[in-house]
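Here the structure comes first, spelled out in structure tokens, and everything after it is commentary.
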């Protein structure tokens, strides 16, 4: 994974503001870089972006801000794209216009992308990359303060809640190109052998449109089509969706009242600590090859589904639970009183779990639903990929120059509609956050 970390903010951490002009002069003779970075620094000091309401992201919606960048900055980005395209820096993305069973052969209708890295070819307008990144770094700080308030309440350090501007790229979508419906990130347990391999994951997706005079109806427009389309569900009040205590959302629970359109987020806790001797349904042969000393291990990680209690004060008397013969779920709720567990701890060898090691998203959701303890809850459980049925709000965003779009990378299925004319230009990427670390007891 490419990381783009040579921001003006990072430069300021190494070079004092007093000596910044001399440092930058050594890096580039382009006076536009100095002027634009000076302006970006002033914007950062004044926190020009503060005051925007990003909370919609944690409620299942799409954040849209027009004129996030200026017309001058849009023009510079357009020119940078043109220079990079002429220098053969763009390649087919492999994500658009693909169908199952094809030979992955690219054509004129495929989207082209160029990953932005510190070593990317420099040109007359390449200064604009640092200008935009400085704006995104300031935006990142505001996102951290807004989106991770719940973590602070739950005792999770701000260091663990930090975002990182880890990926940036340019895209050119020619006439006829599409981007099929997908999600930018998934729970680690859905990734098979690739799960739990990286230190960070995609957290917040963002894109900025770069087309002037783009219109779906006007024949004289520079282009048409190519709208961003998202399929959103509204989260219930007093609960944030997407992630909770580091556990990613895996699905939704529809309201028991058919007239309601609000949904409860369901999270998957993959690190339920269970004594190996207490896991009666463990098939030891599953672990013999990978862990020869498995029988000597004291603990085994299992998974469980839960929802967040919007009012912890309504939890059953904890002392009564402590004095009773608590089952696994009750023990978990004593440890995490803000969670209501909806399943007993389970693993790949649990009853109802498929034998296949690589499950597609729909099969994985069905396997999770089979673990839910209550039949009425199973009937109301839907996966994040599901876009049909009551309560799905379709949000279309026109590709207007300077418009910023942001959303949670995990819970929002989205696509890009067919470009009917012209070339759709954008700069896009992801803010990453840290993946849960393995607990101290794992492997002991």
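The values are calculated or read from the model by the stated rules, or taken from the named source; none is laboratory data. None of the values given here were measured: they were computed from a predicted structure. Here the Cβ is made from the backbone with ideal geometry for all residues, glycine too, and neighbour counts use every protein chain on show.
Observations
- Residue among 210, 121 that is at pLDDT 95 or above, more than 17 Å from the chain's Cα centre (by Cα), surrounded by fewer than 16 Cβ atoms within 10 Å (Cβ to Cβ) and farther than 21 Å from residue 57 by Cα: 121
- Among (1) assigned to a helix (DSSP H, G or I); (2) at pLDDT 90 or above; (3) crowded, with 18+ Cβ neighbours inside 10 Å - the single one residue 141 does not satisfy: (3)
- Scoring residue 388 on the criteria (1) exposed (fewer than 15 other Cβ atoms within 10 Å of the Cβ); (2) at pLDDT 95 or above; (3) assigned to a loop (DSSP other than H, G, I, E, B) leaves a single failure, condition (2).
- When residue 235 is tested against (1) over 18 Å from residue 364 (Cα atoms); (2) surrounded by fewer than 19 Cβ atoms within 10 Å (Cβ to Cβ), exactly one condition is not met: (2).
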